[in-house]
Every structure is written in C-alpha cells, then in structure tokens.
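The values are calculated or read from the model by the stated rules, or taken from the named source; none is laboratory data. The structure displayed is predicted, hence computed values, not measured ones. Note that each Cβ is placed from the backbone with ideal geometry, even for glycine, and that neighbours are counted across all protein chains shown. Note: areas computed on protein heavy atoms with side chains; ligands, DNA, RNA excluded. Shrake-Rupley method; radii C 1.70, N 1.55, O 1.52, S 1.80 Å.
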Amino acid sequence: MAKVNQFTPADHEIVTSAVSLAENATDGEIVTIVTEESDHYGDIAWAISGLVALTALLVVSLFPEIYLTMINWLAGGWSGMTALPYWALFAFTTLKFFGVRLVLMWKPLLFLLIPNPIKATRVRERATSLFRVSTDYRTVGRTGILLYLSMREHRAEIVADTAIAEKVEPAIWGDAMIAMIDLVRIGAPGEGMAEAVRQMGIVLSEHFPKTDQNPNELPDRLIEL
C-alpha cells in the first residue's frame, strides 16, 4: 500500500504526544495506525468491467440496427452488413471490458463507484488484521486498543482487546470517531487522531485507571502504512 502523505512530522508529534498523555491516566495501551487505503479493490474493478461489458453486449444484441447504421455510415454506405458477425460482438465486448478496466486504474473514479458497504467491510477487515498483528495478546492485561484511519475511504475503526471489549460497548467510541472524522474532513488529520485519542483516554481511564503494575508495552508513535 502507498504511504500516506497527508501526515506531516508535526502531525506525528501531535498524535504521539496525545497517546503518551492519554496513557498517563490508564492501563490501556493505545496504538494508532494510518494508511492511504485499506485495499486495492482490484476484484471490484474487474467486476465493474465485466458488468459494463455484459451490459454493452446486451444492448448491442437488443438494438443491432443502431450499430449497423453506425457501421454503414462510417463505411460511406458500402458496408453491406445486415447483421453483426460473432467476431465483431466478441471484439466489441473485449474492448469494453479492458477499456473500462484501464479507466478504473484511476483511483478517484474507482473509489467513487465502489459501494459504501464494501468499503466499510474492507476497512474493518484491514483494521482487525492489523489489530491481531500489532495489539492482540501484546499486553499483560489484554488492554490494548487500536485506532485505525484509512484516508481514501474516509473511514476509521476502533478495535479493542478482550478486557476492554468486555467493559466498554462499541457505541461508546462513537464520539471519538466523529471528532476525528470531522477534523480529517477539514484537512487536519493529525489533530483529528489526537482528539480521538484524547477521548479514548478518558473512557479508558474510567474503566482501567493507571496502576503501577502495567508498563508501557506498545509504541506510542503513529504508524504509517
């Protein structure tokens, strides 16, 4: 995945400081990860290309006279065709298929066409996968929690370890998510993640106040993928 470029060194310092400050009041361990996109969505691009190609083939099959008229006009009235040959249909469909796939290599257009539920699912899957690698089972008290931001999808996820999930309902993190997304939308992603971390820290301090038996086991720094 491409490395994001919206985060400046100052943003890194803001997020890292927010994590350190939040963890001063809780045994919870906050991990922050940001990425440009959660998936390449190549399968979706191929599916859209196939759908467009099949739709085009259906239109040609239902209204062949339109295309015959066009061919005859291009040939100066000398085409002599009364029906579209199979090779022409195959060539037309193939060109549509690979033409659309080529156009969808432009990511802004592809992401505009991807249904929101698919984006949400892919972001959640990526966040869960990263949680397992970076956070799960890596704290003594199972008090790790991941804040994940995927820039191109404009989506974020919070994934908590067992001890936190047992005490804190997922809906509780809603305010932190809203605060972050609002700031990201206005071009302040560092401040957005820092504000989310601050609010997460408040919740964690209520359920997992700081003790002397829980060292800092996970990195405070913002991780870019």
For the stretch 91-172: rounded, prolate or oblate by the Cα gyration tensor [a/c cutoff 1.5]: prolate
Descending accessible area (1.4 Å probe), largest on the left, turns HIS12, HIS207, HIS40, HIS154 into HIS154, HIS40, HIS207, HIS12
Counted charge near GLU191, where neighbours are those whose Cβ lies closer than 13 Å (Asp, Glu -1; Lys, Arg +1): -2
For the stretch 105-146, what is the accessible area per residue in Å², given a 1.4 Å probe and the full set of protein chains? 57 Å²
Just the number, please: carbon plus sulfur as a percent of the accessible area of the stretch 118-225, 1.4 Å probe, no ligands or DNA/RNA counted. 52 percent
Per 0.36 nm of contour for each residue apart, how much would the distance between THR121 and ARG198 grow if the chain were fully extended, relative to their Cα-Cα spacing? 25.1 nm
